[in-house]
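Only one structure is covered here, and it is reproduced in the block below.
The values are calculated or read from the model by the stated rules, or taken from the named source; none is laboratory data. Treat the numbers as computed from the prediction; the structure is a model and nothing was measured. Ideal geometry is used to build each Cβ from the backbone, glycine not excepted, and the neighbour counts take in all protein chains shown.
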Amino acid sequence: MANEMRTENSAMYFRLVFEREETRDTGPFEEGASRHTVFVEVSEEGYDDSMESRSADEIAEEVALTAASEVVRQELAEVAEDFGTITRLDESPPEILDLEPDLDEDGVKAWLSK
């Protein structure tokens, strides 16, 4: 996580996957998992003010996790605490190009993949 992946306008992009175990009604012992993906864009405004001894990458990743958790909590309360993976992306994912963000605040945008 030390190497920076930046695109135009110094924005960083992340994909976060939230997983939740759920029991299906098909039988008493059958279980499955649900997954929900959140894409987050963090621009310099989203992390500039908090530059302490940590790198911009570390702060942007923390901002992305906070934003994704907020979106999931708003939309899917049952999976808000079950964070799975975070992946940095080289560019804005095509899945969100024409969509309005579910969260748009001070240099941070987040989209819940539906």
task: Give the residue that is modelled with the lowest pLDDT, with candidates limited to residues of segment 1-21 that are loosely packed, with under 11 Cβ neighbours inside 10 Å and not hydrophobic (A, V, I, L, M, F, W, C).
output: 3
task: Could you please tell me which pairs satisfy a Cβ distance under 6 Å, a separation of 6+ or placement on different chains, a first residue in segment 96-114 that is under 15 Å from residue 12 (Cα atoms), and a second residue that is assigned to a loop (DSSP other than H, G, I, E, B) and hydroxyl-bearing (Ser, Thr, Tyr)?
output: 107/43
- prompt: Which residues, taken from segment 73-90, are exposed (fewer than 11 other Cβ atoms within 10 Å of the Cβ) and modelled with pLDDT of 85 or more?
  reply: 87, 90
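Keeping to segment 44-60, report how many residues are out of contact with any helix residue (DSSP H, G or I) (no Cβ under 6 Å at 6 or more places or on another chain) and at pLDDT 70 or above.
The total comes to 8.
Identify the residue in segment 22-36 that is assigned to a strand (DSSP E or B) and surrounded by fewer than 19 Cβ atoms within 10 Å (Cβ to Cβ) and, among all such residues, is modelled with the lowest pLDDT. Spell out the reasoning first.
Going residue by residue through segment 22-36, those that are assigned to a strand (DSSP E or B) are 22-23, 31-36.
Of the ones still in play, those that are also surrounded by fewer than 19 Cβ atoms within 10 Å (Cβ to Cβ) are 22-23, 31-35.
Numbers: 22: 58, 23: 47, 31: 57, 32: 58, 33: 60, 34: 70, 35: 77.
Checked segment 22-36; the qualifying residue modelled with the lowest pLDDT is 23.
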